[in-house]
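The values are calculated or read from the model by the stated rules, or taken from the named source; none is laboratory data. Nothing here was measured: the structure is a model prediction, and the numbers come from that model. Positions of Cβ are backbone-derived with ideal geometry, glycine not excepted, and every protein chain shown enters the neighbour counts.
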Amino acid sequence: MDDIERDRKILEWQNKARAAARKKQGRKLYVITLDPEVLWSREFRQANPGYIAGMPCVYVGLTIHEPGDRFEQHRTGYRSSKYPHKYGIELAQELIEGFDGEGLSDAEQEAALAEWLRRQGCAVWQN
């Protein structure tokens, strides 16, 4: 993606975020599969002492955007955490199936989803 296209996308995302905020639109959980190379990061490994080899490495987030748009933002480096920007492979919304965050605030849902995935043996990063 060239700089002009990237700038156009950023402007589009900003406009969508403003419109969603005006509507007081709810936030959405999303999961991004990370390349297992992320395990070479000491910080990442230390955050996941219960990781079971062969289970997915993922990033968990919460967004006002559509999850697909947010994944694209991470990949382009726009407001991205370092791990999904560098190691993000694909959106993995199917990993949310079975998670029940009913009654939790948005921030609590994100943390609860991350912990739920860790209990299953996944290596998880969330900000």
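Within the stretch 103-127, if we keep just the residues that are without any contact (Cβ under 8 Å) to a residue 12 or more places away in the chain and more than 20 Å from L34 (Cβ to Cβ), the residue that is surrounded by the most Cβ atoms within 10 Å (Cβ to Cβ) turns out to be L104.
Hey, does the stretch 79-95 have a residue that's surrounded by fewer than 16 Cβ atoms within 10 Å (Cβ to Cβ), on the phi > 0 side of the Ramachandran plot and over 12 Å from the mean Cα position of the chain (by Cα)?
No: zero hits.
Out of L95, L11, one residue alone is among the hydrophobic types (A, V, I, L, M, F, W, C), farther than 21 Å from Q109 by Cα and assigned to a helix (DSSP H, G or I). It is L11.
Is it the case, given these coordinates, that V60 is farther than 21 Å from A17 by Cα and of a type in the set (V, I, T)? Talk me through it step by step, then tell me what you get.
Details: farther than 21 Å from A17 by Cα: no; of a type in the set (V, I, T): yes.
Answer is no for this residue.
Each residue in the stretch 60-70 was checked for being aliphatic (A, V, I, L, M) and either farther than 10 Å from T33 by Cα or at pLDDT below 95 (or both), and 2 of them qualify.
Among the residues making up the stretch 103-127, those that are closer than 15 Å to R27 by Cβ and either of a type in the set (S, T, N, Q) or in a loop (DSSP other than H, G, I, E, B) (or both) are L104, S105, Q109, Q126, N127.
If you go through the stretch 71-98 and keep only what is out of contact with any strand residue (DSSP E or B) (no Cβ under 8 Å at 6 or more places or on another chain) and over 20 Å from V38 (Cα atoms), you end up with E94, E97, G98. Restricting attention to the stretch 71-89, the residues being modelled with pLDDT of 95 or more and outside any helix (DSSP H, G or I) number 2. The residue list E43, E5 contains one member that is at pLDDT 80 or above and over 26 Å from Q109 (Cα atoms), which is E5. For the stretch 36-70, a residue qualifies if it is assigned to a loop (DSSP other than H, G, I, E, B) and either without any contact (Cβ under 8 Å) to a residue 24 or more places away in the chain or within 30 Å of N15 (Cβ to Cβ) (or both), and the qualifying residues are P49, A53, G54, I64, H65, E66.
Scanning the stretch 27-57 for residues that are of a type in the set (F, W, Y) and surrounded by 15 or more Cβ atoms within 10 Å (Cβ to Cβ) gives Y30, F44, Y51.
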